[in-house]
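Engineer: First, the structure itself, so that you have it in front of you.
The values are calculated or read from the model by the stated rules, or taken from the named source; none is laboratory data. Everything numeric here is computed off the predicted structure, so don't read it as measured data. Heads up, the Cβs are rebuilt from the backbone with ideal geometry, glycines too, and the neighbour counts pull from every protein chain shown.
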Amino acid sequence: MEEIILVDKNDNEIGFEEKLTAHQNGGKLHRAFSIFVFNLRGEMLLQKRAKRKYHSGLLWTNTCCSHPRAGELLIDACHRRLKEEMGFDCDLKEKFSFVYKVDFKDGISENEFDHVFVGKFNGAPAPDKKEVADWKWIDFEEFKKDIKENPEKYTYWLKVSLDKVLKYT
């Protein structure tokens, strides 16, 4: 059973809860992170979430996102999940944070205090097929055009954080 960190509106820890339970019945506010990785050409690394994910399966999203576990430092969680999901690690810098809430089908909700990290990497990832259905490097102009024309192909949190992320590239 994986416990994640519940927080108040200022990101102060207020407790812990089993991950799936924290996402049910309206969702409790919890700490999360989103990682955006870029290469030397300025392209962003996207992943397509695996079909088996409990929400947003087969949607394109940022390089990696997850939650720190109870007792785990945020930056340690970022490096752990980047290696687990995408098969590589790189230097990461926190750029900003934001809170968002969205309800999905079947009573699942995201209610997250999301810390956004940016990194650089120039290789080919080796993603875990249980976590990632596909991946690609994408040019910003192509990406902005596609997200405008096909917003249903992308995760909610990617769409709401993208403008701020672009300021840090």
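Engineer: Looking at this structure, is Lys95 surrounded by 14 or more Cβ atoms within 10 Å (Cβ to Cβ), charged (D, E, K, R) and free of Cβ contacts under 8 Å to residues at least 40 places away in the same chain?
Structural biologist: Working: surrounded by 14 or more Cβ atoms within 10 Å (Cβ to Cβ): yes; charged (D, E, K, R): yes; free of Cβ contacts under 8 Å to residues at least 40 places away in the same chain: no.
No: the conditions fail for Lys95.
Engineer: Given the conditions (1) surrounded by fewer than 16 Cβ atoms within 10 Å (Cβ to Cβ); (2) within 12 Å of the chain's Cα centre (by Cα), and given that Phe113 satisfies all but one, which numbered condition is not satisfied?
Structural biologist: (1)
Engineer: Identify, from the list Ile5, Ile35, the residue that is part of a strand (DSSP E or B) and closer than 27 Å to Ala124 by Cα. I'd like the intermediate steps shown before the answer.
Structural biologist: Details: Ile5 fails: closer than 27 Å to Ala124 by Cα.
Among Ile5, Ile35, only Ile35 is part of a strand (DSSP E or B) and closer than 27 Å to Ala124 by Cα.
Engineer: Is at least one residue of the stretch 80-87 part of a loop (DSSP other than H, G, I, E, B) and modelled with pLDDT under 95? Even if it seems obvious, please write down each step before you answer.
Structural biologist: Kept after step one, since they are part of a loop (DSSP other than H, G, I, E, B), are these residues of the stretch 80-87: 87.
Still in the list and also modelled with pLDDT under 95: none.
No, the stretch 80-87 contains no residue that is part of a loop (DSSP other than H, G, I, E, B) and modelled with pLDDT under 95.
Engineer: Continuing with this model, one more query. Counting just the residues of the stretch 65-81 that are touching a helix residue (DSSP H, G or I) at 6+ places or on another chain (Cβ under 8 Å) and touching a residue at least 40 places away in the same chain (Cβ under 8 Å), which one comes out farthest from Glu94 (Cα to Cα)? Write out each step before concluding.
Structural biologist: From the stretch 65-81, those touching a helix residue (DSSP H, G or I) at 6+ places or on another chain (Cβ under 8 Å) are 65-69, 72; that's our starting set.
Narrowing further to those that are touching a residue at least 40 places away in the same chain (Cβ under 8 Å): 65, 67-69.
On the way: Cys65: 13, His67: 15, Pro68: 14, Arg69: 18 Å.
Among residues in the stretch 65-81 that are touching a helix residue (DSSP H, G or I) at 6+ places or on another chain (Cβ under 8 Å) and touching a residue at least 40 places away in the same chain (Cβ under 8 Å), the one farthest from Glu94 (Cα to Cα) is Arg69.
Engineer: Still on this model: For Lys101, only one of the following conditions fails: (1) charged (D, E, K, R); (2) at pLDDT 95 or above; (3) within 16 Å of the chain's Cα centre (by Cα); (4) loosely packed, with under 14 Cβ neighbours inside 10 Å. What is its number?
Structural biologist: The one condition Lys101 does not meet is (2).
Engineer: Quick check: is even one residue across the stretch 67-76 surrounded by 21 or more Cβ atoms within 10 Å (Cβ to Cβ) and in contact with a His (Cβ under 7 Å, 6 or more places away or on another chain)?
Structural biologist: Checking the stretch 67-76: at least one residue is surrounded by 21 or more Cβ atoms within 10 Å (Cβ to Cβ) and in contact with a His (Cβ under 7 Å, 6 or more places away or on another chain).
Engineer: Tell me, which residue of the stretch 139-165 that is part of a helix (DSSP H, G or I) and of a type in the set (Asp, Glu) is surrounded by the most Cβ atoms within 10 Å (Cβ to Cβ)? Please lay out each step first, then the result.
Structural biologist: Quick first cut of the stretch 139-165, residues part of a helix (DSSP H, G or I) only: 140-149, 151-153, 156-165.
Still in the running and of a type in the set (Asp, Glu): 141-142, 146, 149, 152, 163.
Details: Glu141: 8, Glu142: 10, Asp146: 14, Glu149: 8, Glu152: 5, Asp163: 9.
This residue is Asp146.
Engineer: With the structure loaded, tell me whether Glu17 is within 17 Å of Asp163 (Cα to Cα), without any contact (Cβ under 8 Å) to a residue 60 or more places away in the chain and either in a strand (DSSP E or B) or of a type in the set (Gly, Ala, Ser) (or both) or whether it fails that test. Before the answer, list the steps.
Structural biologist: Working: within 17 Å of Asp163 (Cα to Cα): no; without any contact (Cβ under 8 Å) to a residue 60 or more places away in the chain: yes; either in a strand (DSSP E or B) or of a type in the set (Gly, Ala, Ser) (or both): yes.
For Glu17, the condition - within 17 Å of Asp163 (Cα to Cα), without any contact (Cβ under 8 Å) to a residue 60 or more places away in the chain and either in a strand (DSSP E or B) or of a type in the set (Gly, Ala, Ser) (or both) - is not met.
Engineer: Another question, then. Considering only residues that are basic (Lys, Arg) and within 29 Å of Lys28 (Cβ to Cβ), which ones fall in the stretch 87-128? So that I can check it myself, show each step before the final result.
Structural biologist: In the first step, residues of the stretch 87-128 are kept if they are basic (Lys, Arg); the result is 93, 95, 101, 105, 120.
Those that are basic (Lys, Arg) and within 29 Å of Lys28 (Cβ to Cβ): Lys93, Lys95, Lys101, Lys105.
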